[in-house]
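The values are calculated or read from the model by the stated rules, or taken from the named source; none is laboratory data. Owing to the predicted nature of the structure, the values given are computational and were not obtained by experimental measurement. Note that each Cβ is placed from the backbone with ideal geometry, even for glycine, and that neighbours are counted across all protein chains shown. Ligands, DNA and RNA are excluded from the accessible area calculation, which covers all protein heavy atoms including side chains. Shrake-Rupley method; radii C 1.70, N 1.55, O 1.52, S 1.80 Å.
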Amino acid sequence: MTAPDFLSGGGSMGARIRAHDWSASPTGPPGAWPQLLRTALSLVLHSRFPAYLAWGRELVSFHNDAYLPMLGTKPDALGRPVQEVWPEIWDEVGPIVARALSGKASYFEDLPLTLERKGYPERTWWTFSYSPICTETGEVGGVLCIVHETTERVLTERRLVFLDDLRGEMRGRCDPREMMAAAAERLGCHLGAGRAGYGEVDATGTVFTVERDWTDGAMPSFVGWHHLDDFGPPIMGELRTGRTIRLDDVLTDPRTAGEGVAAAFAAIGMRACISAPFMDSGEIAATLYVHQAQPRRWRDDEVALMEEVAGLTSEAVRRARAERALRESEARLQAAIDLVGLSPYAWDPRTGTLYWDDRLRAMWGLPPGAYVDDHVFLAAIHPDDRPRVEAAIARCIDPEGDGIYEIEYRVIGVESGAERWISTRGQTLFGHGQPIWFIGAALDITKEGLHNAMRCA
């Protein structure tokens, strides 16, 4: 039989419609189809945009080639009622179809739907319209669905927002463990996991400790210490080389299906997980994990997000620990300086500006916070010592010299007139043959200086 003209050029689906046995279908054979169905189907088949047509009260399915990827591994949808094709989303889609059958169109943007088109539940997002196809008498002959999957865009946008928020969270914290706890909680909520946290590996590389974790309230906490090797050599071998672990079901994955290993996972109430290791000098230092109490088919983008979060948090933690170590080192240094009464200072030879602490200002008899430059400095030097001081300064800023400044001299307090002995040592820094900076330290040695002066007399 010659194929109806409206099916010509309809791609693979046009050919399949021509080859399909329609004898038992409510639509009857294509030659008997009403003109409205022929016209609508021709538009669908010749569209490059994914389109789906449900005809009659039985909602018999037609679609074009562009719609095929939407079906995944589902059985052939052609000629079947829509409810049979998409039973897992009929509670959401059924009312939309009913609205179209009543003559009212609908439009949805980024509507979330959980499909089973690949053999497992999959969270997806869609933008689509459902429009009634009306006959000349005003009756609705069928429903036309123009659809576009937006899953990838939605997930990308959500990932970028999540990472931006997490960076802000990291910037607002200075304690490394608070950073790890905050990242774990945000990640667990974002992925809809049952449990999330960080395990830090000890120096032996055999035990990891979880100090804090986040749970959804249903899974038990993972806080405590755990032997790495309990989770099987294949898993730990991969982690120790820096590879992220992805387990959809520990009971079926060949790396964990062994009786002892499966029991270790069962003991912590976990069937699925992602673990992203932190590496330090080639050794595993910690791992970021999310756990699920039931099997879960993790998406590639979820694994990639785990790795991004692990890297971001690892860097933030390293930075926080380095800053803490620096603050502690500075505090120890300041304590030592305060103990001996030493006052570090700096001088800019180009401007004459001096950077003093208030203890050094007090040696000169100046009030706290007073401005100091080389004129203020020299003005308080004892007249008998000033020539030696000026000569020492000239030598230390001479590019031909070694830049070292070391001298003892007397200072007459600006306001009090009190005489004090000062011992100071410093070093000039040169750039392109010119003095650009001077760093030194001064110490009040009044008692020792008077003793030496009296002995020399």
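Annotations
- Rolling a 1.4 Å probe over the protein heavy atoms leaves R117 with an accessible area of roughly 10 Å².
- What the Cα convex hull of the chain gives, in volume per residue, is 275 Å³.
- Heavy-atom surface of the chain, accessible at 1.4 Å and reported per residue (Å²): 52 Å²
- Candidates H227, A184, A203 compared by Cα position along the dipole of the range 116-250: farthest toward the positive end lies A203, with charges placed on Cβ.
- When the chain is described by a simple charge dipole with +1 on each Lys and Arg Cβ and -1 on each Asp and Glu Cβ, the residue from P81, H291, G217 located farthest towards its positive end is P81.
- Converting phi to 3J(HN,Hα) with the Karplus coefficients 6.51, -1.76 and 1.60 and the offset θ = phi - 60°, the range 397-408 yields 9, 6, x, 7, x, 8, x, 8, 10, 8, 6, 10 Hz in sequence order, with x at every glycine or proline.
- Based on DSSP H segments of at least four residues, each scored -39500 (n - 2.57), the chain has a per-residue ellipticity at 222 nm of -11500 deg cm²/dmol.
- The C-alpha atoms of the chain define a longest principal axis, and helix 90-101 lies at about 60 degrees to it.
- In this calculation the C-beta distance from E406 to E157 is compared with R0 = 56 Å, giving a FRET efficiency of 0.30.
- Under a 5 Å amide H cut-off, with hydrogens placed 1.01 Å from N, H382 pairs with R410, V411, I412 among residues at least 5 apart or on other chains.
- W437 - accessible surface, heavy atoms, 1.4 Å probe, Å² rounded to 10: 80 Å²
- The mean sequence distance of close C-alpha pairs (under 8 Å, at least 6 residues apart), as a share of the length of the range 293-413, puts its relative contact order at 16 percent.
- The alpha carbon radius of gyration of the range 316-420, expressed as a multiple of 2.2 N^0.38 Å, is 1.33.
- Normalised contact order of the chain, rounded percent, pairs of Cα under 8 Å and 6 or more residues apart: 8 percent
- Rounded to the nearest 10 degrees, the inclination of helix 386-396 to the longest alpha-carbon principal axis of the chain is 40 degrees.
- Percent carbon-and-sulfur accessible area, the chain, ignoring ligands, DNA and RNA, probe 1.4 Å: 54 percent
- Charge dipole of the range 238-384 about the Cα centre (unit charges at C-beta), most positive-ward option of A263, I274, V372: A263
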